[in-house]
Amino acid sequence: MTKAIRIGRTLLQMDSIAWIKVSRPGHLELATSWFLLATGVIFALLVAWAKGTLWNLESLLGFIPIRMALGIRGSYRVASTGDSEDSYQDRVLQGKHRPADLAQDLQALDPQVLEFRGPRKEYFYALRPNRIAWVTPWFEFNLWPLGTMLLFGVYWFMAPRSLDLGSIPILEDLYLLTFPVHGPGPALVGTALVLFGSILAMVSSFKQGVEVTAVGGVQDNFPMTSGHRTRLFEELAGAPRSDTSPEASPEQQV
């Protein structure tokens with residue numbers, strides 16, 4: 001009888017597993033995440049200090065870089081040939097299941113399992129060639145930080161200019177774009193930090209690797225080095241690995 005494992009509320013047959021994926025943020029991504037978290041708090045405090053009050057709407061803009069920071073996270077997945085996109089995304093590898101141990105169990109079931117380990121332990125993958133439908137090169141460069149840069153760029157432009165709301169009820173008490181205590185300087189410093197963090201987020205989002213689709217149709221992206229990508233394509237194509245294939249003898253070369 002085929003072994004089954006329980007992941008969350010799902011009982012998964014080992015023989016149906018297409019891959020195990022553990023992908024962690026790289027060093028630059030981690031640094032960017034912490035920088036954005038700190039920047040969001042610093043921006044809110046600097047704006048409040050410049051205004052002399054915590055009761056202001058502009059400080060809430062600090063939640064935007066904080067939200068960006070929380071979006072930088074890893075991926076811990078196990079794919080089955082029977083998965084839909086929803087079931088795959090809902091199944092998170094956690095708890096008692098160590099990826100390396102699970103990969104060993106998979107290797108015992110299928111000796112052709114391919115393992116890939118990142119040079120800085122930023123990823124670990126175990127893929128079964130006979131459960132993979134197709135593979136294609138993939139790269140990613142997120143432009144979503146541009147929205148944050150645009151918003152805070154407008155704020156940078158407007159902050160030194162006083163916004164006269166006249167006698168509009170409620171709004172006149174929120175002190176929008178007015179800095180009566182310390183002037184706009186602190187707010188501009190906080191804005192500059194957010195803009196720099198947004199640039200870091202965009203730069204650190206660049207990744208390359210492969211897009212893999214299982215026999216059942218579920219697919220995912222696997223960031224990896226160019227060497228690992230080449231090895232994966234060679235293994236799936238049935239070509240001998242360059243680091244293990246023996247050199248041809250003079251008789252064979254003729």
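The values are calculated or read from the model by the stated rules, or taken from the named source; none is laboratory data. Note that the coordinates shown come from a computational prediction; the quantities given were computed from them, not determined experimentally. Cβ atoms come from the backbone with ideal geometry, glycine included; neighbour counts cover every protein chain shown.
Taking only pairs six or more apart or across chains, which ones have beta-carbon atoms under 8 Å, a first residue in the range 129-150 that is in contact (Cβ under 8 Å) with a residue 12 or more places away in the chain, and a second residue that is in a helix (DSSP H, G or I) and of a type in the set (Phe, Trp, Tyr)?
VAL135/PHE233
Could you list, in sequence order, all residues of the range 77-93 that are over 14 Å from ILE5 (Cα atoms) and surrounded by fewer than 17 Cβ atoms within 10 Å (Cβ to Cβ)?
Within the range 77-93, GLY82, SER84, GLU85, ASP86, SER87, GLN89, ASP90 meet the criteria.
Limited to the range 43-86, what total is found for residues that are under 21 Å from the mean Cα position of the chain (by Cα), among the small types (Gly, Ala, Ser) and under 15 Å from ILE20 (Cα atoms)?
Number of matching residues: 3.
Please state which one of VAL41, VAL22 is in a strand (DSSP E or B) and closer than 30 Å to PHE63 by Cβ.
Going through VAL41, VAL22 in turn, the sole match is VAL22.
Looking for something in a helix (DSSP H, G or I) and among the basic types (Lys, Arg) - is there at least one such residue anywhere in the range 224-237?
Here is the first cut: in the range 224-237, the residues in a helix (DSSP H, G or I) are 226-237.
Now narrow it down to the ones that are among the basic types (Lys, Arg): 229, 231.
Taking every residue of the range 224-237 in turn, at least one turns out to be in a helix (DSSP H, G or I) and among the basic types (Lys, Arg).
Is it the case that the range 125-134 has a residue that's under 14 Å from ALA214 (Cβ atoms), surrounded by fewer than 15 Cβ atoms within 10 Å (Cβ to Cβ) and small (Gly, Ala, Ser)?
Yes.
Of the conditions (1) farther than 30 Å from GLU115 by Cβ; (2) more than 25 Å from the chain's Cα centre (by Cα); (3) not hydroxyl-bearing (Ser, Thr, Tyr), LEU37 satisfies every one except a single condition; which number is it?
(2)
Please find, among LEU93, LEU102, the residue that is closer than 14 Å to ALA79 by Cα and within 21 Å of the chain's Cα centre (by Cα).
Checking each option against the conditions leaves just LEU93.
Would you be able to tell me the number of residues in the range 60-105 that are at pLDDT 90 or above, farther than 15 Å from GLY8 by Cα and outside any loop (DSSP other than H, G, I, E, B)?
12
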